[in-house]
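In what follows, a single structure is set out as structure tokens and then discussed.
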Amino acid sequence: MSFKYKSTIFLSLLLLVFLLFAFIPSVGAQSSKFTLVIDAGHGGHDPGAIGNIAREKDINLAVSLQLGALVEQNFSDVKVVYTRKTDKYLTLQERADVVNNNHADLFICIHTNSARAASAFGAETFTLGLAKSKANLDVAMRENSVILLEDDYKSKYRGFDPSSVDSYIMFEFMQDKYIDKSVDLASNIQKQFTRLARRSDRGVRQAGFWVLHRSACPSVLVELGFISNPPEERFLASESGQKDMAASIYNAFVNFKRDHDKKSGRQAAPANYVEASKTNEVSVEQKNDTDAIIVTSKEKVEVKGTDSSQVETLKQTEKRSLPVYKVQLFASNTKLKANASDFKGVKDTDFFVEGGLYKYTLGAETDYRKIVSIRKQVVAKFPGAFIIAFVGDKKMTAQEALKMNK
């Protein structure tokens with residue numbers, strides 16, 4: 001082989017290597033996207049907290065989908081991944097797996113709060129850490145309690161018991177390398193809640209949430225407000241209320257992403273902030289943490305049926321609410337797991353507690369004819385099933401409710 005031929009081969013290989021090194025970075029730059037995982041808490045047979053007119057899982061999903069849509073519309077370099085886009089159940093570990101399998105850069109978990117006292121109100125955002133107050137611990141215990149719906153949860157979650165205070169000691173010794181970024185985002189979310197959505201600020205808190213603990217990226221868990229507070233529930237169940245809460249979290253994400261880009265040496269995208277909706281007239285009065293929030297809204301509130309039935313619109317006025325009809329299936333002296341044989345294969349049931357009994361229901365309709373149809377579908381399995389109604393938190397017979405509509 002001649003020297004000239006060898007030289008030609010060598011130069012060709014050298015040129016090929018040069019082109020590869022020149023081309024590979026550009027491919028990487030084009031394909032590398034910031035990944036945001038949004039988690040709508042609860043779902044499926046796990047409704048989360050239940051209010052008078054709404055359920056936590058529905059509020060969480062509505063806000064999560066609107067948040068994701070805003071990000072997708074304004075950030076071409078962001079990949080949005082949802083743990084769920086429909087009413088389905090996932091374990092806490094499955095949610096964390098979605099975060100880790102997608103190598104997420106940020107994880108935002110959406111929840112709605114509840115308390116025994118109807119006067120509790122306001123929004124708060126949690127990061128991972130030791131719960132330094134009983135209130136924070138109570139929130140973590142409630143959100144982690146979905147683990148109890150799983151069989152053999154202690155072995156699956158390495159002995160972690162969500163109902164045992166001792167299990168939360170582990171978070172005292174953890175060093176979360178993402179804590180600073182998480183706290184910055186949480187603080188920004190709270191600022192947006194007060195500025196844009198005009199929510200009462202309950203602050204940034206720390207607690208031991210399993211789903212945050214198992215997610216390898218900056219992460220926050222947002223409690224939008226209290227479904228146990230009737231005025232705040234109406235706001236969170238309303239279309240404009242959900243829009244404003246989603247917009248608040250989105251604006252905080254804009255700041256987080258811009259800061260991330262600057263520190264990564266990238267050109268920061270324009271700050272496309274979203275303003276508050278104009279359809280919801282909201283006023284907030286706050287004296288102390290036990291006072292109720294005053295919300296005035298003129299729009300309709302949407303509540304989803306419990307069995308994938310059509311979304312029902314409940315018209316809220318200052319004078320009265322429409323009756324919500326349900327089919328009571330049976331009562332139990334103990335709280336049952338979602339897969340208990342007592343349900344005979346019927347899914348998406350709810351329950352309320354009365355006289356020390358857990359009373360299980362199906363459906364949530366304002367149209368009496370629809371609830372009659374639901375009862376006909378299940379009466380073969382539950383011969384004793386009958387129709388009841390609620391106006392707010394007041395239970396009544398179907399006959400009493402029907403008289404109200406006349």
query = For residues in the stretch 234-255 being under 15 Å from residue 122 (Cβ atoms) and free of Cβ contacts under 8 Å to residues at least 60 places away in the same chain, which is surrounded by the fewest Cβ atoms within 10 Å (Cβ to Cβ)?
reply = 244
task = Might you let me know whether the stretch 124-135 holds any residue that is over 25 Å from residue 194 (Cβ atoms), of a type in the set (D, E, K, R), assigned to a helix (DSSP H, G or I) and modelled with pLDDT under 75?
result = no
request  = Take the residues in the stretch 254-272 that are polar (S, T, N, Q) and in a loop (DSSP other than H, G, I, E, B), then tell me which one is modelled with the lowest pLDDT.
outcome  = 267
inquiry  = Tell me which strands (runs of 3 or more DSSP E) are completely within the stretch 317-406 and hold 3 or more residues being surrounded by 13 or more Cβ atoms within 10 Å (Cβ to Cβ), or say none if there are none.
reply    = 324-332, 350-354, 357-365, 386-391
ask   = In the stretch 97-118, how many residues are more than 25 Å from residue 202 (Cβ to Cβ) and out of contact with any Asp or Glu (no Cβ under 9 Å at 6 or more places or on another chain)?
value = 7
Count of residues meeting criterion [touching a residue at least 60 places away in the same chain (Cβ under 8 Å) and surrounded by fewer than 20 Cβ atoms within 10 Å (Cβ to Cβ)] in the stretch 76-88 = 2
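Would you check if residue 71 is under 23 Å from residue 184 (Cα atoms), of a type in the set (A, V, I, L, M, F, W, C) and either not in a helix (DSSP H, G or I) or not assigned by TED's automatic domain parsing to the domain that holds residue 144 (or both)? Working first, answer last.
Details: under 23 Å from residue 184 (Cα atoms): yes; of a type in the set (A, V, I, L, M, F, W, C): yes; either not in a helix (DSSP H, G or I) or not assigned by TED's automatic domain parsing to the domain that holds residue 144 (or both): no.
No; evaluated as a whole, the condition is false for this residue.
Tally time: how many residues in the stretch 212-238 are within 22 Å of residue 393 (Cα to Cα) and either of a type outside the set (Phe, Trp, Tyr) or part of a helix (DSSP H, G or I) (or both)? It would help to see each step written out before you state the result.
First, pick out the residues of the stretch 212-238 that are within 22 Å of residue 393 (Cα to Cα): 224-238.
When the remaining residues are screened for being either of a type outside the set (Phe, Trp, Tyr) or part of a helix (DSSP H, G or I) (or both), the result is 224-225, 227-238.
So the answer is 14.
From the list 366, 349, pick out the single residue that is closer than 22 Å to residue 89 by Cα, of a type outside the set (A, V, I, L, M, F, W, C) and touching a residue at least 12 places away in the same chain (Cβ under 8 Å).
On the way: 366 fails: closer than 22 Å to residue 89 by Cα.
The unique qualifying residue is 349.
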task = Could you please tell me which pairs satisfy a Cβ distance under 8 Å, a separation of 6+ or placement on different chains, a first residue in the stretch 369-392 that is without any contact (Cβ under 8 Å) to a residue 24 or more places away in the chain, and a second residue that is among the aliphatic types (A, V, I, L, M)?
result = 372/387; 379/385
query = Among the residues of the stretch 352-364, is any farther than 22 Å from residue 332 by Cα and either of a type in the set (Gly, Ala, Ser) or modelled with pLDDT of 85 or more (or both)?
reply = no
note = When restricted to 23, 34, 3, the only residue touching a Phe, Trp or Tyr at 6+ places or on another chain (Cβ under 8 Å), among the aromatic types (Phe, Trp, Tyr) and either modelled with pLDDT under 55 or closer than 18 Å to residue 104 by Cα (or both) is 34
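The values are calculated or read from the model by the stated rules, or taken from the named source; none is laboratory data. Given the structure is predicted, the values throughout are model-derived calculations rather than measurements. Cβ atoms come from the backbone with ideal geometry, glycine included; neighbour counts cover every protein chain shown.
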